[in-house]
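The values are calculated or read from the model by the stated rules, or taken from the named source; none is laboratory data. Remember, predicted model here, so these are calculated numbers, not experimental data. Quick reminder, even Gly has a Cβ in these numbers, built from the backbone with ideal geometry, and neighbours come from all protein chains shown. Just the protein is used for accessible areas: all its heavy atoms, side chains included, with ligands, DNA and RNA removed. Shrake-Rupley method; radii C 1.70, N 1.55, O 1.52, S 1.80 Å.
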Amino acid sequence: QSALTQPRSVSGSPGQSVTISCTGISSGVGGYSYVSWYQQHPGKVPKLMIYDVTKRPSGVPDRFSGSKSANTASLTISGLQAEDEADYYCYSYAGSYTFDRFGGGTKLTVL
Amino acid sequence: QVQLQESGPGLVKPSETLSLTCSVSGSSISSGYYWAWIRQPPGKGLEWIGNIYHSGTTYYNPSLKSRVTISVDTSKYQFSLKLSSVTAADTAVYFCARQSSGWYYFDSWGQGTLVTVSS
C-alpha cells in the first residue's frame, strides 16, 4: 500500500481557518473509506478528533470538521485557537484486515 | 471510561527482545474491539505495529511481521508485545491503544512508554 501524504506544516492566525490534507486514501468494498484524525501535543498522547471521515467524538469542539474528496481527506479547523497548535495525523483503513497506516503528520502552528 | 497502561523495561540491549504489557481497565478486553500497539520514534510519526482480538487472532505490520508477537491474556485484562532482534531503530515511544471493531479508528490510548535500545 502507498503512503498517506500530509503537508509537513501549516499555519494560521487566531480566529482563522486552516485545512490539513491527507492524500492517498483508497476505497474499500462499496467505495467506503474510513478516515480518522488525531491531535498530538508535544510529549502527549494522540487524541481522536475525527472518525469515519466526518464524525466527532464527544467532547471535540465543532470547530473541527472532516471531509473527503476522491483520494484526499481533509481536516479543517475553524476559529483557530492557541491550544490547537499541535501535530495532526490522519489514519485510513481501506479494508481486508491487512495493513494499517498513518499519514506522516502535519505540524500546525498558530501564529 | 477505558484506561490503558503500558509497562515494561525502558532500556533494551541491541539484538535482544523488547517486551511490553498493556493493562486494560474500564472495558472488557473480550468486547468487540481490537487491541493495538503503535510506536513513535523520537521526533517522528506514528507507526502501527499490529493488533490482536480477544480470540487471539493477530495482524501485523508487514515491515515488522518477522520480529513481532502480540498476545492476549483475557483473564488478566492484558495484552503484550514482543519485538525481537531490536536495533537502535526500534527506539521509540510505544503506545497501546483500543482499535475499533472495524479497524476504523483508535479511540483510547495508553500514556506511552519510551523504550531505548542501547548497550
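For the residues of A:54-64, the average number of beta carbons from a partner chain within 10 Å of their own beta carbon is 0. Across peptide B:55-65, the average count of Cβ atoms from other chains found within 10 Å of a residue's Cβ is 1. For the range A:1-91, the Stokes-Einstein estimate of translational diffusion at 20 °C and a viscosity of 1.002 mPa s comes to 158 µm²/s, using the Kirkwood hydrodynamic radius over alpha-carbon pairs. As a length-normalised measure over Cα pairs under 8 Å and 6 or more apart, the relative contact order of chain B settles at 35 percent. When A:Lys68, B:Lys44 are compared by accessible surface with a 1.4 Å probe, the order from highest to lowest is B:Lys44, A:Lys68. Counting every pair of alpha carbons in chain B, the share spaced more than 22 Å apart comes to 26 percent.
Sequence-distant contacts, meaning Cα pairs under 8 Å at least 6 residues apart, place the relative contact order of the range A:42-111 at 21 percent. Of the residues B:Trp37, B:Gln5, B:Pro62, the one whose Cα sits farthest toward the positive end of the charge dipole of chain B, with +1 on the Cβ of Lys and Arg and -1 on the Cβ of Asp and Glu, is B:Pro62. Counted over the range B:28-73, the DSSP beta bridges are approximately 100% antiparallel.
Net charge in the neighbourhood of A:Pro57 (other residues with Cβ under 11 Å of its Cβ; Lys, Arg +1, Asp, Glu -1) is +1. Among the residues of B:41-49, the average count of other protein chain beta-carbon atoms within 10 Å of the residue beta-carbon is 4. If you average the C-alpha positions of the range A:2-67 and of the range B:85-119 separately, how far apart do those two centres end up, in angstrom? Value for the Cα centre distance between the two parts: 20 Å. Computed over neighbours whose Cβ is under 12 Å from that of B:Leu81, the net charge equals +1, Lys and Arg +1, Asp and Glu -1.
Given contacts defined as C-alpha pairs under 8 Å and at least six residues apart, what's the relative contact order of the range B:16-71, whole-number percent? Relative contact order of the range B:16-71: 25 percent. Near B:Cys22, once Lys and Arg are set to +1 and Asp and Glu to -1 for all other residues with Cβ below 10 Å from its Cβ, the sum equals 0.
Calculated translational diffusion coefficient of the range B:1-70 (25 °C, 0.890 mPa s; Stokes-Einstein with Kirkwood radius over alpha-carbon pairs) equals 180 µm²/s.
For the range A:52-97, the calculated P(r), taken from all Cα-Cα distances in 10 Å bins from zero up to the bin holding the longest distance, is 20, 53, 23, 4 percent. Evaluating kT/(6 pi eta Rh) at 4 °C and 1.567 mPa s, with the Kirkwood radius of the range B:60-100 over Cα pairs in the Stokes-Einstein relation, gives 109 µm² s⁻¹. When every Cα-Cα distance of the protein assembly as shown is counted in 10 angstrom steps from zero, the calculated P(r) takes the values 8, 33, 36, 19, 4, 0 percent.
Past 21 Å, Cα to Cα, is the threshold; run A:Lys107/B:Lys82; A:Lys44/B:Lys44; A:Lys47/B:Lys44; A:Lys68/B:Lys65; A:Lys47/A:Lys107; A:Lys107/B:Lys44 against it and keep the listed order. Distance filter (> 21 Å) returns A:Lys107/B:Lys82; A:Lys68/B:Lys65.
Sorting B:90-96, A:9-15, B:2-8 by average packing, meaning the other beta carbons within 10 Å per residue, from highest down gives B:90-96, B:2-8, A:9-15. Taken about its Cα centre, the protein assembly as shown carries a charge dipole of about 220 debye when Lys and Arg each add +1 at the Cβ and Asp and Glu each add -1 at the Cβ. Over chain B, with a Gaussian network built from C-alpha contacts below 10 Å, which listed residue (B:Ser84, B:Ser63, B:Ser71) shows the highest mean-square fluctuation? Evaluated over chain B, the most mobile residue of the options is B:Ser63.
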